[in-house]
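What follows is a single structure, written as structure tokens, with notes after it.
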């Protein structure tokens, strides 16, 4: 007999968080920190280049990230739970997203878990948000982003908002993370909301 689960039985669906090799590893760290503070499960996968960049740019280790995530997977484990459409994820955030990862996602070249997980979310019509980090951009980069958008990704380059008068890099990172969580309809207090200009 099939039993329908009540809303009280169903925990919130986890969000997959991927950290890849572009600069800006702190974006992924702060995304994990924010989700943990909110009580939203996060399933983490870090690419090999992402782990290397994490060491260059921050004082965080992979163990530190594991402590912020609900589950952590190896990027080589293409048989992991998040590699299947039957796994009920709420979607995926790639923060930061390297051009190499963007290229793999845009081309459905699922040779690792980051790209496979994104491809699964796309085929299941779940949101995939790519915090693409590169500058300047040539036409090939732009075409990859356009194609990724056409197949269902949201391209959200980390652009600082200066109307909030940020006092630190941390302020700018939190704003970017907050605006990313907005795309999933998640309530938070990371963003100073624009209330309109007073005459």
Exercise for the section: Could you please let me know if residue 166 is more than 26 Å from residue 85 (Cα to Cα), assigned to a loop (DSSP other than H, G, I, E, B) and out of contact with any helix residue (DSSP H, G or I) (no Cβ under 6 Å at 6 or more places or on another chain)? Expected result: no
Problem - Flag if residue 18 is at pLDDT 95 or above, outside any loop (DSSP other than H, G, I, E, B) and farther than 11 Å from residue 68 by Cβ - result: yes
Handout entry: Sole exception among (1) under 15 Å from the mean Cα position of the chain (by Cα); (2) over 25 Å from residue 173 (Cα atoms) for residue 42, by number
Key = (2)
Problem - Filter pass, residue 112 being at pLDDT 95 or above, closer than 30 Å to residue 143 by Cα, crowded, with 20+ Cβ neighbours inside 10 Å and out of contact with any strand residue (DSSP E or B) (no Cβ under 8 Å at 6 or more places or on another chain) - result: yes
Exercise for the section: Check residue 189 against each of (1) modelled with pLDDT of 95 or more; (2) more than 16 Å from residue 91 (Cβ to Cβ) and name the one condition it does not meet. Expected result: (1)
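Counting residues that are under 21 Å from residue 186 (Cβ atoms), which helices (runs of 4 or more DSSP H) fully inside the range 45-150 reach at least 2?
Values: elements: 48-57, 62-68, 99-106, 113-123, 139-150.
In the range 45-150, 62-68, 113-123 are the helices (runs of 4 or more DSSP H) which contain 2 or more residues that are under 21 Å from residue 186 (Cβ atoms).
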Handout entry: Residue that is farthest from the chain's Cα centre (by Cα) [pool: residues in the range 171-196 that are assigned to a helix (DSSP H, G or I) and free of Cβ contacts under 8 Å to residues at least 60 places away in the same chain]
Key = 171
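Go through the range 83-112 and count every residue that is more than 14 Å from the chain's Cα centre (by Cα) and closer than 24 Å to residue 37 by Cα.
We begin by selecting, within the range 83-112, every residue more than 14 Å from the chain's Cα centre (by Cα); these are 83-88, 99-100, 103-104, 106-112.
Restricting the remaining residues to those that are closer than 24 Å to residue 37 by Cα gives 87-88.
Residues flagged as more than 14 Å from the chain's Cα centre (by Cα) and closer than 24 Å to residue 37 by Cα within the range 83-112 amount to 2.
The values are calculated or read from the model by the stated rules, or taken from the named source; none is laboratory data. The model shown is predicted, which means the values in this text are computed figures rather than measured ones. Don't worry about glycine lacking a Cβ; one is built from the backbone with ideal geometry, like all the others, and counts go over all protein chains shown.
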